[in-house]
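One structure is given here, and the rest of the page talks about it.
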Amino acid sequence: MPGDDIENRGGGVKRSGNNSNATGSGYTSSLTYMVEDTETQWTSWLVPMFVVANIAVFVVVMYVNNCPKQRHARLVGKCVARFLGRFSFEPLRENPLFGPSSSTLKKLGALEWNKVVPKHQGWRLVTCIWLHAGVIHLLANMLSLVFIGIRLEQQFGFVRIGILYLLSGFGGSVLSTLFIRNSISVGASGALFGLLGAMLSELITNWTIYTNKAAALLTLLVIIAINLAIGILPHVDNFAHIGGFLSGFLLGFVLLPRPQFGWLERQNLPAGTRLKSKYRPYQYVLWLVSVVLLVVGFTVALVMLFRGENGNEHCHWCHYLSCVPTSRWNCSEN
């Protein structure tokens with residue numbers, strides 16, 4: 001891939017130039033560090049399939065939406081790009097992101113508390129991850145997925161990254177539904193923040209094999225902070241971002257630890273040499289703590305959700321995490 005410099009040195013592989021794209025915000029930066037290992041890179045196919053699946057779902061959504069046939073569209077303005085026929089976009093007053101109507105998104109699986117809890121449509125916690133509010137929303141998320149997901153899949157394989165993506169997206173949906181009751185939510189941002197969180201925990205759990213540790217950590221923390229800060233703007237579901245990030249951060253300790261270099265080189269050691277443990281003690285501790293927190297966190301959150309509890313009643317300041325009111329906007333409309 002562009003940005004990768006690979007050279008063989010003493011039986012190991014030294015890799016540099018790990019690029020990262022900030023999720024959903026259009027902010028792009030570069031996370032550069034070096035790591036030595038003897039692992040071969042996987043071929044990335046799952047992440048490209050996720051991209052194709054998201055695009056295909058958006059096409060289906062626009063086909064179902066059929067703007068020229070919707071009565072409300074004629075009341076708020078003309079459809080955008082009418083030459084596309086039934087694939088034309090809703091009037092910009094209805095959807096400034098060049099996409100379908102909110103009613104279509106609701107019908108096809110958008111996340112909405114009234115549907116998930118009172119009507120027992122828990123499947124929306126998963127389907128909303130594959131829906132996007134418009135072309136701009138879709139492009140931002142898919143570019144982020146390509147920049148982040150392909151590199152992670154090359155390093156850790158499709159199984160671990162697939163689990164990470166889906167569980168992070170689910171975690172984002174659960175937290176969003178706990179705190180947001182008066183609006184709908186769609187998009188893969190929760191899953192993408194999960195990948196970003198996993199990059200952070202992967203750096204921490206594999207700390208000893210990296211060089212330029214401080215620069216890598218600082219760069220990643222700045223990217224995360226900028227993206228979470230953008231989430232306090234109106235019409236952005238920052239609870240999905242936070243839930244996805246926390247899920248991915250913990251899952252990174254479980255799924256992405258790298259073995260010690262001495263364990264990887266065990267076949268080249270003389271007979272009778274004492275072998276090192278596959279992982280360092282602190283990696284085992286982080287793994288165990290993360291598993292416990294994931295199980296407890298998901299269990300408590302799901303019990304609270306389906307009992308109909310409102311997360312804002314247990315955390316009276318948490319609504320500021322998703323929207324900070326100013327003289328320019330009202331968060332009650334978020």
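The values are calculated or read from the model by the stated rules, or taken from the named source; none is laboratory data. Only a predicted model underlies this, so the values are computations on that prediction, with no experimental measurement involved. Neighbour counts are summed over all protein chains in view; Cβ atoms, including those assigned to glycine, are modelled from backbone coordinates with ideal geometry.
The figures follow:
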{"item": "Failed criterion for TYR165 (all others in (1) closer than 16 Å to PRO48 by Cα; (2) hydroxyl-bearing (Ser, Thr, Tyr); (3) at pLDDT below 95 hold)", "result": "(3)"}
{"item": "Residue within region 92-101 that is free of Cβ contacts under 8 Å to residues at least 40 places away in the same chain, polar (S, T, N, Q) and in a helix (DSSP H, G or I) present", "result": "no"}
{"item": "Count - residues of region 180-207 that are out of contact with any strand residue (DSSP E or B) (no Cβ under 8 Å at 6 or more places or on another chain) and farther than 15 Å from LEU228 by Cβ", "result": "13"}
{"item": "Condition met for ALA198 (out of contact with any His (no Cβ under 7 Å at 6 or more places or on another chain), crowded, with 23+ Cβ neighbours inside 10 Å and at negative phi)", "result": "yes"}
{"item": "Hits in region 283-307 (condition: farther than 14 Å from VAL174 by Cβ and either without any contact (Cβ under 8 Å) to a residue 12 or more places away in the chain or not in a helix (DSSP H, G or I) (or both))", "result": "TYR284, VAL285, LEU288, VAL292"}
{"item": "Options GLU112, GLU90; residue that is acidic (Asp, Glu), over 30 Å from ASN310 (Cβ atoms) and surrounded by 13 or more Cβ atoms within 10 Å (Cβ to Cβ)", "result": "GLU90"}
{"item": "In region 137-172, the residues that are touching a strand residue (DSSP E or B) at 6+ places or on another chain (Cβ under 9 Å) and among the basic types (Lys, Arg)", "result": "ARG151"}
{"item": "Tally, over region 105-143, of residues that are more than 20 Å from LEU175 (Cα to Cα), part of a helix (DSSP H, G or I), of a type in the set (A, V, I, L, M) and over 16 Å from the mean Cα position of the chain (by Cα)", "result": "2"}
{"item": "Single residue of region 87-97 satisfying the filter (closer than 25 Å to ARG124 by Cα and over 22 Å from the mean Cα position of the chain (by Cα)) that is modelled with the lowest pLDDT", "result": "GLU94"}
{"item": "Criterion violated by VAL117 - all others in (1) in contact with a helix residue (DSSP H, G or I) (Cβ under 7 Å, 6 or more places away or on another chain); (2) buried (at least 19 other Cβ atoms within 10 Å of the Cβ) satisfied", "result": "(2)"}
{"item": "Any hit, region 134-152, residues being surrounded by 17 or more Cβ atoms within 10 Å (Cβ to Cβ), β-branched (Val, Ile, Thr), closer than 25 Å to GLY297 by Cβ and out of contact with any Ser or Thr (no Cβ under 8 Å at 6 or more places or on another chain)", "result": "no"}
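Rundown of residues vs (1) buried (at least 18 other Cβ atoms within 10 Å of the Cβ); (2) touching an Asp or Glu at 6+ places or on another chain (Cβ under 9 Å); (3) within 18 Å of ILE180 (Cβ to Cβ); (4) touching a residue at least 40 places away in the same chain (Cβ under 8 Å), yes/no style:
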site: ASN66; (1), (2), (3), (4): no, no, no, no
site: LYS69; (1), (2), (3), (4): no, no, no, no
site: CYS79; (1), (2), (3), (4): yes, yes, no, no
site: PHE83; (1), (2), (3), (4): no, no, no, no
site: THR104; (1), (2), (3), (4): yes, yes, no, yes
site: ARG124; (1), (2), (3), (4): yes, yes, yes, yes
